[in-house]
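**Student:** There's a structure below that I have some questions on.
The values are calculated or read from the model by the stated rules, or taken from the named source; none is laboratory data. Since this is a predicted model, take the numbers as computed values, not measurements. When we count neighbours, we look across all protein chains shown, and the Cβ atoms used for this are built from the backbone with ideal geometry, even at glycine. Heavy atoms of the whole protein, side chains included, go into the accessibility calculation; ligands, DNA and RNA do not. Shrake-Rupley method; radii C 1.70, N 1.55, O 1.52, S 1.80 Å.
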Amino acid sequence: MSRTSVIILLAAFSLLQACSNGDNPAAATEAGTAAPQATAQSTATPAQAQLTVTDVAPAAADAAASTYQSLQGEPLELSAYAGKKVFLNYWATWCAPCIREIPSIARAAGILEQENFVFLLASDESVETIGDFLADREFTGNFIKLNGYFGSHGIDAVPSSVLFDETGAIVKSWPGAFEWDSPEML
């Protein structure tokens, strides 16, 4: 099978998996085991990686070599947020449930801003696509680019979200879209 055929099949499968119906908070899953350590050579996905204070964002490395990048092209690793609770939402510009939940993520970020939380919204689309999407809307938040594709990082569906504690351990993960500023989610 050619590389192009594989890419097309993966894209089709991703579209079928994407935007899963996760409107039921009872479907949220908790991490039951300790997550592996994240290192430069780790095969752990961002959603599985335990971040430590010793993890350092690449200072002069190419942004594409990092796990994430800012929309200005700066390399970014979750370890840059060591000591903070990190809420990481995976989303896409073409995903209607993702788009519907973005305002509630922004409201939740505002509510929890005094409680040491960082809210990040990561898409695997190009910086230009993300930027154009945001320019057409009035969304606020910390939007970043995931380098590589969702599937290569173990992300099976969008939207999905992961909460890390201050040490970088996964506290909980949620497949699907939610009203993040609702009392039960906060």
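**Student:** Pop out the carbon and sulfur fraction of the accessible area of region 119-186 as a percent, whole number, probe 1.4 Å.
**Tutor:** Carbon plus sulfur share of accessible area: 50 percent.
**Student:** Here's another thing I want to ask about it. Run the numbers for T129 and E115: contour at 0.36 nm per residue of separation, minus the present Cα-Cα distance, in nm.
**Tutor:** Between T129 and E115, full extension yields 1.9 nm more.
**Student:** Tell me the per residue accessible area of region 77-140 using a 1.4 Å probe; a whole number in Å² is fine.
**Tutor:** Accessible surface, normalised per residue, equals 45 Å².
**Student:** Compute the distribution of all C-alpha to C-alpha distances in region 109-155, in bins of 10 Å from 0, and list the percent of pairs in each, rounded to whole numbers.
**Tutor:** 24, 42, 31, 3
**Student:** While we're on this one: 5 Å is the cut-off here: which amide hydrogens, built 1.01 Å from N in the peptide plane, fall below it relative to Y68, excluding neighbours closer than 5 in sequence?
**Tutor:** Amide H neighbours of Y68, under 5 Å, 5+ apart: L76, N147.
**Student:** Shifting gears a bit: Starting from the Cα of S152, step 7 Å along the direction of its Cβ; do the same at A65; then give the gap between the two resulting points in nm.
**Tutor:** 1.6 nm
**Student:** For T140, what charge total do you get from the other residues with a beta carbon under 15 Å from its beta carbon, if Lys and Arg give +1 and Asp and Glu give -1?
**Tutor:** Within the 15 Å Cβ shell, the charges total -3.
**Student:** Return the sequence-ordered ³J(HN,Hα) values of region 147-152 in whole Hz as given by the Karplus equation 6.51 cos²θ - 1.76 cosθ + 1.60 applied to θ = phi - 60°, using x for Gly and Pro.
**Tutor:** Taking θ as phi minus 60°, the curve returns 7, x, 10, 3, x, 6 Hz for region 147-152.
**Student:** Net charge around N116, counting only other residues with Cβ within less than 12 Å of its Cβ (Lys, Arg = +1; Asp, Glu = -1)?
**Tutor:** Summing Lys/Arg as +1 and Asp/Glu as -1 gives -2.
**Student:** Right, something else. Provide the solvent-accessible area of R107, counting protein heavy atoms only and rolling a 1.4 Å probe, rounded to the nearest 10 Å².
**Tutor:** Near enough 110 Å² of accessible area.
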